Structures are given as C-alpha cells and as structure tokens.
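See structure below.
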Amino acid sequence: MPGQAEPSWLPPTFNAGHVYRDRVRLQDLQAISGPDSAAAPLISGFYASRYGHSDQAVWCERLAAGEVWRNGRRLRADGPLAPGDQLAWHRPPWQEAAVPVLPEAAVVFDDGDLLVLNKPSGLPVLPAGGFLVHTLLAQLEGWLAAGRLECAAGLPRPVHRLGRFTSGLLVCARRPATRAWLSARLRDSTSAAAEAAPAGACRKTYRALTQPLPGDWALGHSGVITVAIGRRPHPLLGWIWSAAEPGDSAALPCRSTITLLERHPQACLVDVAIATGRPHQIRIHTAAIGAPLLGDPLYLPGGIADPAVLPGAGGYRLHAHRLQLQPPLGEVLQLVAPPPAELTVSA
C-alpha cells in the first residue's frame, strides 16, 4: 500500500549557500532603538533583531568576514543603518541533514493539475529552518526535470505545509489559480469561527500516538479541545507558540476534536479532526489535556513549551490521514494515506 514502504534517504549534503535579502524600514529601526532615540541603529543590531538565532557579536563576525552587503557594496565592519537601505547576507554553504527520498508510491492523486502526496516523516516541505535543497519542493523539481511528472501545467507547488516530522497527505497544485482556490478553501474550513466545515469544504483528520489519555476517556470517546494558542517567551527564540496565558487578548481561538481509537499502557492511538489551523495546534492541544504526542520533546503536559527545545525537534508521531477536498472542477475527493508503521503500538 502507498506510504507503507520504508523510504530511502538522501545523505547529509552541503548546499551552495544562500543570499538573504532585506529592505530596512523605519519601523524596523524604531523597533530596535525606540522611536525617540537619536542614535542610528547598527547593522549588527538589525540582524540580531531580525534573525534571532545569532546574537549581535556573531553578526559582527559575519560583517568582518565580508558576508554582508549594503546597497550593493560589500561591508567589512559594522555601521549605522538608514531607512531604505538594502541588505544582503551571503550565507556560506552549510550542511543540510539527511532527509527521506520521496518515493513514486507517495503519489495519492494526480490529475495533471492537482497533486496529492503521502509525505514521509522527516522531509521538510519548503526551504526553512536550515533546509534549502533537502526539501519536498526540490525533489518535485527533480521529478519534473527527469520527466517523472506531468509537466504541461508546470511544477506542482504545495498549497499548505506539514511539519517536517508530520507524515501524510500534502496538497500541491500546478496552476496558480488552482492553488489560490484551494488556499481559500483551506482558510474557509479552518476559520476561527468554524464549528463545523461547510458542505464541500476541506476536512482534515490526523492520526497520532499520544501519551496515555486521562482514565475517564473510553474507547470511541470524542473530546473537543478549545484551548487558545498564543505567544509565550522562549529563551532560544524570543517567543514560541504555546497554550495561551490566561487573559492574553492576542491569543488565537482554535478547536480540535480528539477521538480515542486504542488504549495501551504506554500510549493511545487517536484521530484528531481540526476545525482551525493554528501553529502546532495538534501538538499543543494534546499536551494541553495532559497527553502530549508520544515522543514530542517540545510540548509538555499543559501545552507549555520546554525552554531548552526548538519547534523543529522531531520524534513525535503525527500523520495527516484523511482529507476531503473540493477541487475547482469535478467531484469532492475523499483521500486517505495509510498510517506508517510508527503509528502502531507494540503489544
């Protein structure tokens, strides 16, 4: 069955580096130094604020190494910034971690425009978080160049994202109009006010392994989780999405329905239907009820993030299992991606 075979892997590989471009705005400078400061903010301060993975001292080292250009000129030292300055950080090549190879059996549906894939766990969808070429999009580009995809309508591009370690159904489309249509349908069916998706809307159901659910959950029981998601301080990132603090007026309302399928001493198998699409929603909601995803190193019981862990850390068991999808033309599609072996519990 599709998705059941163990994928092969691309080994760790150095990419060719990348250029990150930024245009400096007045509000960026005010955010760094304050609206009433007379001193011009420094380039290193701008970058430390913009890219929080490195502090100001590291950016000074990159400036001294000639990695940063301003208004087309290479810099060798820090200096003041002005609104409208064009910055370019020429990041040197770095090694990207090993990722699964997308197998041909991953294709669940393809009509020459719409392409739905069963993504393996461990494969990033788009460039981000240290990945530039080890992505699903880059592998699709390789398929297209090798003639392994219908190419009349162009390259299939993802309509939405799945987390790197989330497996399962990923929707792509070749035509921009189709991507726009599907993006709108996904937004409509994951709006904050959605109690139930309207007829013909996209409906998404995930399968997951969690730590043991509370003992009063019987097999087949469904619980609705409405814990809001908000930003909380995080020492490594500045802030992180977590279960919102009480009284957080900026918190995002959200809704998940969790159904218990199997109970084992060390884990529970559940289905999760989401009526909203918030960052890390399933990871946060299962943790909020005291049953974090099995193997999730980030979210602790209560839905709070571990301050020593980053969102990209893997190990959790989450799979986009079923999808009801309305294409621009034709009948509603009912798609299923069989869960991988990691979603089974040993006796």
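Per-residue answers, yes or no, for (1) at pLDDT below 95; (2) among the hydrophobic types (A, V, I, L, M, F, W, C):
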{"position": "297", "(1), (2)": "no, no"}
{"position": "302", "(1), (2)": "no, no"}
{"position": "322", "(1), (2)": "no, no"}
{"position": "335", "(1), (2)": "no, yes"}
{"position": "347", "(1), (2)": "yes, yes"}
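Evaluate the following for residue 149: is it modelled with pLDDT of 95 or more and of a type in the set (A, V, I, L, M, F, W, C)? For residue 149, the condition - modelled with pLDDT of 95 or more and of a type in the set (A, V, I, L, M, F, W, C) - is not met.
Might you let me know whether segment 4-26 holds any residue that is within 30 Å of residue 172 (Cα to Cα), surrounded by 13 or more Cβ atoms within 10 Å (Cβ to Cβ) and of a type in the set (Lys, Arg)? So far as segment 4-26 goes, no, none of its residues is within 30 Å of residue 172 (Cα to Cα), surrounded by 13 or more Cβ atoms within 10 Å (Cβ to Cβ) and of a type in the set (Lys, Arg).
Criterion applied to 250, 196, 201 was being over 30 Å from residue 97 (Cα atoms), modelled with pLDDT under 95 and surrounded by fewer than 16 Cβ atoms within 10 Å (Cβ to Cβ), and the one residue passing it is 196. The residue of segment 38-61 that is farthest from residue 239 (Cα to Cα), among those that are surrounded by 15 or more Cβ atoms within 10 Å (Cβ to Cβ), under 28 Å from the mean Cα position of the chain (by Cα) and not polar (S, T, N, Q), is 59. Within segment 252-287, restricting attention to residues that are touching an Asp or Glu at 6+ places or on another chain (Cβ under 8 Å) and not polar (S, T, N, Q), the residue that is farthest from residue 216 (Cα to Cα) is 275.
Closer than 26 Å to residue 209 by Cα, surrounded by fewer than 16 Cβ atoms within 10 Å (Cβ to Cβ) and out of contact with any Cys (no Cβ under 8 Å at 6 or more places or on another chain): is that true of residue 168 in this structure?
In short, no.
Among the residues in segment 298-321, are any outside any loop (DSSP other than H, G, I, E, B) and of a type in the set (Lys, Arg)? No, because not a single residue in segment 298-321 is outside any loop (DSSP other than H, G, I, E, B) and of a type in the set (Lys, Arg). Mind checking whether some residue in segment 123-145 is within 20 Å of residue 325 (Cα to Cα) and among the aromatic types (Phe, Trp, Tyr)? Checking segment 123-145: not a single residue is within 20 Å of residue 325 (Cα to Cα) and among the aromatic types (Phe, Trp, Tyr). Got at least one residue in segment 122-134 being closer than 25 Å to residue 314 by Cα, modelled with pLDDT under 95 and either assigned to a loop (DSSP other than H, G, I, E, B) or among the β-branched types (Val, Ile, Thr) (or both)? Yes; the residues of segment 122-134 include at least one that is closer than 25 Å to residue 314 by Cα, modelled with pLDDT under 95 and either assigned to a loop (DSSP other than H, G, I, E, B) or among the β-branched types (Val, Ile, Thr) (or both). From the list 291, 320, 308, the lone residue that is assigned by TED's automatic domain parsing to the domain that holds residue 223, over 18 Å from residue 245 (Cβ atoms), among the hydrophobic types (A, V, I, L, M, F, W, C) and within 18 Å of the chain's Cα centre (by Cα) is 320.
Is it the case that some residue within segment 238-245 is acidic (Asp, Glu) and either under 25 Å from residue 105 (Cα atoms) or over 18 Å from the mean Cα position of the chain (by Cα) (or both)?
yes
Yes or no: residue 250 without any contact (Cβ under 8 Å) to a residue 24 or more places away in the chain, among the hydrophobic types (A, V, I, L, M, F, W, C) and part of a loop (DSSP other than H, G, I, E, B)? Spelling it out, residue 250 is indeed without any contact (Cβ under 8 Å) to a residue 24 or more places away in the chain, among the hydrophobic types (A, V, I, L, M, F, W, C) and part of a loop (DSSP other than H, G, I, E, B).
If you filter segment 218-246 down to residues that are part of a loop (DSSP other than H, G, I, E, B) and modelled with pLDDT under 95, you find that the one that is nearest to residue 50 (Cα to Cα) is 237. For segment 256-280, the set of residues classified as closer than 21 Å to residue 305 by Cβ and not in a strand (DSSP E or B) consists of 276, 277, 278, 279, 280, listed by residue number. Within segment 144-178, being over 18 Å from the mean Cα position of the chain (by Cα) and free of Cβ contacts under 8 Å to residues at least 40 places away in the same chain holds for 144, 145, 146, 147, 149, 151, 154, 155, 176.
Please verify whether segment 98-110 includes one or more residues that are under 27 Å from the mean Cα position of the chain (by Cα) and over 23 Å from residue 147 (Cα atoms). The answer is yes, given that some residue of segment 98-110 is under 27 Å from the mean Cα position of the chain (by Cα) and over 23 Å from residue 147 (Cα atoms).
The values are calculated or read from the model by the stated rules, or taken from the named source; none is laboratory data. These figures come from a predicted structure and were not determined experimentally. Glycine also receives a Cβ, built like all others from the backbone with ideal geometry; neighbour counts cover every protein chain displayed.
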